[in-house]
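Novice: Input: one structure, supplied below.
The values are calculated or read from the model by the stated rules, or taken from the named source; none is laboratory data. Keep in mind the model is a prediction, meaning the values are calculated, not measured. Every residue, glycine as well, gets a Cβ built from its backbone with ideal geometry; the counts of neighbours run over all protein chains shown. SASA here: full protein model, heavy atoms, side chains in, ligands and nucleic acids out. Shrake-Rupley method; radii C 1.70, N 1.55, O 1.52, S 1.80 Å.
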Amino acid sequence: REAIMAIPSAVDNFDTGYMPPVRAQGSQGSCTGFSGSYYIKTYQEARENNWNPNITSRQMSPAFTYNLVNNGVDSGSSTIYIMQTNVDKGNATWADMPYIVSNWTSWGTETAWRNALPHRSQYAGQFGITNDTGINNIKQWIANGDLVNVNILVYDNSFDKYYPNTYGHSR
C-alpha cells in the first residue's frame, strides 16, 4: 500500500482521469455491479495501468460480477459479494461481457472468464464507521487515491417523499 499521508480537507478522485464515464443500469437491480465493478474496478485498473477508462475494452463489466452473485434473480446483490468476486475471479471487460439490461443470468463466455483473471483485486474488505477512527480510515483510503462503496438503504416511501421524480429512477 501507499504511505500514509495527512488527510486533506477534500479529495476528488474523479479528477484523476481514471473514472469511467457515467452509464445507466436501466431497470436492472445491478447497482452493486455498477458501483463495485464498473466504477471501482475500472478506476483501479485504469489507475494501476495508466489506462484511459473511456475505452470500452478497458471498462470492467458490471454484468460479470452481478450475474455471478445474484442467484439467477434480478433483485440486487450484496456489495461484499461483488467485491469478493473481483478478488476471486477478476472481472471481464465490457467488451468481453457487455451489459444487457434484460440479461441477469448469463455467466459469460470462456473468453470472458479467461480475460477476467488478470483483473483480480488484491482484497475486499469493509470499514466500520461507528467512530472517528473508522471515519478517518475511510478518509485516509480516499486520500491515498482509492474509492469506497457506500451502501444506503433506500425505501420507496422515504425516497419518493424527499426526491420525487428525480434521477429517472424506476421500479
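Novice: Non-local amide H neighbours of Met60 (under 5 Å, H modeled in plane, Pro and chain starts lacking H): which ones?
Specialist: Counting only residues 5 or more places away or on other chains, the set is Thr42, Trp94.
Novice: Could you give me the ³J(HN,Hα) list for region 52-60, computed from phi with Karplus coefficients 6.51, -1.76, 1.60 and θ = phi - 60°, whole Hz, x at Gly and Pro?
Specialist: Those phi angles translate into 8, x, 8, 8, 3, 6, 10, 9, 7 Hz.
Novice: Here is a further query. Computing the accessible area with a 1.4 Å probe over protein heavy atoms, can you report the carbon and sulfur percentage for region 1-139?
Specialist: Carbon and sulfur: 52 percent of the exposed surface of region 1-139.
Novice: Please turn the phi angles of region 109-114 into ³J(HN,Hα) values with the Karplus equation 6.51 cos²θ - 1.76 cosθ + 1.60 (θ = phi - 60°), one per residue in order, whole Hz, x for glycine and proline.
Specialist: Coupling constants for region 109-114: 8, 4, 4, 4, 5, 4 Hz.
Novice: Top mean-square fluctuation among Asp146, Asp96, Asp132, Gaussian network model of the chain, C-alpha springs under 10 Å?
Specialist: Residue with maximal mean-square fluctuation among Asp146, Asp96, Asp132: Asp132.
Novice: Leaving out ligands and nucleic acids, and using a 1.4 Å probe, what accessible area per residue does the chain come to in Å²?
Specialist: Counting only protein heavy atoms, the per-residue value for the chain is 61 Å².
Novice: Counting only other residues whose beta carbon sits under 11 Å from that of Ala116, what net charge do I get with K and R as +1, D and E as -1?
Specialist: Summing Lys/Arg as +1 and Asp/Glu as -1 gives +1.
Novice: Suppose each label sits 7 Å from its Cα in the direction of the beta carbon; what would the Phe127-Ala95 distance come out to in nanometres?
Specialist: With each label placed 7 Å out from Cα toward Cβ, I get 3.3 nm.
Novice: Residue separation times 0.36 nm, minus the C-alpha to C-alpha distance between Ser57 and Arg23: what's the value?
Specialist: Contour length minus the Cα-Cα distance gives 10.7 nm.
Novice: Then there's this: Between Trp107 and Ser78, what is 0.36 nm times their sequence separation minus the Cα-Cα distance? Round to one decimal in nm.
Specialist: Length gained between Trp107 and Ser78: 8.7 nm.
Novice: For the chain, modelled as a Gaussian network with Cα springs under 10 Å, which listed residue fluctuates most, Thr32, Thr130, Thr79?
Specialist: Result: Thr130 has the largest fluctuation of those listed.
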